[in-house]
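The values are calculated or read from the model by the stated rules, or taken from the named source; none is laboratory data. The shown structure was predicted, so the numbers you read here are calculated from the model rather than taken from an experiment. We place every Cβ from the backbone using ideal geometry, glycine too, and count neighbours over all the protein chains shown. The accessibility values were calculated without ligands, DNA or RNA, using every heavy atom of the protein model including side chains. Shrake-Rupley method; radii C 1.70, N 1.55, O 1.52, S 1.80 Å.
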Amino acid sequence: GFRIALQPIRTLADLRLSGFEALCRFAPTPYRPPNEWFADAEKVGLGAGLEVAVAARALDTVEFLPDGVYVSVNASPATVAAGLLNP
């Protein structure tokens, strides 16, 4: 399983919260960094599926954000080019 961690993004001028970067964190032990999970998923043909699942979970956080604050979601160019992240 994985969870979404929200990293604050602040403006430089006044340090006002402007958004969050959604980061994927995996729970199993022993700990492995996210890039290793994504690389393994890609090797077995599940890379895009994992990215889409993570993006969907990250976008679920939007309803809990203050007005005017955004969430940034990371995706590989291949996943975006394939049209798998339709709004």
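General observations
- Residues satisfying the stated conditions in the stretch 57-69, i.e. under 13 Å from the mean Cα position of the chain (by Cα) and of a type outside the set (D, E): R57, A58, L59, T61, V62
- Given (1) in contact with a Phe, Trp or Tyr (Cβ under 8 Å, 6 or more places away or on another chain); (2) at pLDDT 95 or above, index of the condition K43 fails: (1)
- Cβ pairs under 6 Å, 6+ apart, first in the stretch 16-28 and in contact (Cβ under 8 Å) with a residue 60 or more places away in the chain, second open to solvent by less than 40 Å² (accessible area, probe 1.4 Å): none
- Selection within the stretch 41-87 - hydroxyl-bearing (S, T, Y) and touching a strand residue (DSSP E or B) at 6+ places or on another chain (Cβ under 8 Å): T61, Y70, S72
- Across the stretch 1-15, the number of residues qualifying as under 29 Å from L50 (Cβ atoms), small (G, A, S) and more than 10 Å from the chain's Cα centre (by Cα) comes to 1.
- The stretch 17-38 - residue that is under 13 Å from F2 (Cβ atoms) and among the aliphatic types (A, V, I, L, M) and, of those, modelled with the lowest pLDDT: A27
- Inter-residue pairs, beta-carbon under 9 Å, first more than 18 Å from R3 (Cβ to Cβ) and in the stretch 39-55, second of a type in the set (F, W, Y) and part of a helix (DSSP H, G or I), 6+ apart: G47/F38
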